[in-house]
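Read the structure below first, then the notes.
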Amino acid sequence: MTRILIADDHTIMREGLKRILDGIEDIQVVAEAVDGFDTLEKVRTTEFDVLLMDLSMPGRSGVDLIRQIKDEFPKLPILILTMHEEEQYAVRAIRAGARGYLTKESAGTQLVTALRKVASGRPYISIEVAEQLAMSAMPADDSQPHTSLSDREFEVFTHLVKGKSITEIGELLHLSVKTVSTHKTRIMQKMNMSNLSDLVQYAVAHHLL
């Protein structure tokens, strides 16, 4: 029996996932978490085999949360379930320690297979993500600007292009306004952009929204 902890801030999504898994003889949902802090608490206090986690939740989330969990529980398999289809999100999640990456659109048909794979110690990633991981290990002369961002900068970037203010981003990521502003400045410099409108246009063009 593979015991699952579902971490997602949307009740409807958690219920939908449980419905998909209901009746699967070798998989059992044993706990749920509603945000990043709740996820950490449940990981530390609950007996389970695989963490099925949304990439974007209130509180600590994303790559930062994956790294925190892997630091404390290096052998715990993490399967990311997210709305983000762009491979860049997947590459960063896998590098941080996730064993699998699945989009929510694919959950209905691929979730059970993905959970069984990561529970058995094997990765679950798409061909496109595998190619991105391979390419990222090679020297590149013409890499896309957003790939040069650190994981934290990329996280701030995604919130900026969604219209979040610096104050809102600070609250979401538990960072000071000054720190977020510094990240924003570095993002602009690294991506050679002069204003937020340029960032948004770039995000749309590269399917990062």
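The values are calculated or read from the model by the stated rules, or taken from the named source; none is laboratory data. Keep in mind that what you see is a predicted model, and the values were worked out from it rather than measured. Here the Cβ positions follow ideal geometry from the backbone for every residue, glycine too, while neighbour counts run over all protein chains shown. For the accessible areas, the whole protein counts, side chains as well, though only heavy atoms, and no ligand, DNA or RNA atoms are used. Shrake-Rupley method; radii C 1.70, N 1.55, O 1.52, S 1.80 Å.
In table form, for the structure just shown:
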item	result
Accessible surface, per residue, of the chain when the full set of protein chains is kept, probe 1.4 Å, Å²	51
Subset of Lys70/Lys104; Lys117/Lys184; Lys18/Lys117 violating a 28 Å alpha-carbon distance limit	Lys117/Lys184
Ranked order, Glu105, Glu72 - accessible area, probe 1.4 Å, largest first	Glu105, Glu72
Nearest-10 value in Å² for the accessible area of Ile125, using the 1.4 Å probe	60
Portion, in percent, of the accessible area of the range 1-133 that falls on carbon or sulfur, probe 1.4 Å	48
Per-selection Kirkwood Rh - the range 59-100 (Cα, Å, 1 d.p.)	10.4
Share of alpha-carbon pairs per 5 Å distance bin for the chain, given as whole %	1, 7, 15, 19, 19, 16, 11, 7, 3, 1, 0
Alpha carbon centroid spacing (whole Å) that separates the range 137-209 from the range 6-48	30
Value of Rg/Rh across the range 48-163 [Cα atoms, Kirkwood radius]	0.95
Cα pair distances of the range 1-90 binned at 5 Å [whole percent]	3, 14, 27, 26, 19, 10, 2
Helix-only CD estimate at 222 nm, as mean residue ellipticity for the chain, using -39500 (n - 2.57) per DSSP H run (n ≥ 4)	-15500 deg cm²/dmol
0 to 90° range, to nearest 10: angle between helix 87-96 axis and the chain longest Cα axis	70
Translational D in µm²/s for the range 83-137 (Stokes-Einstein at 4 °C, 1.567 mPa s, Kirkwood Rh from C-alpha pairs)	114
Cα-centred dipole magnitude for the chain, charges only on beta-carbon of K, R (+1) and D, E (-1), debye, nearest 20	380
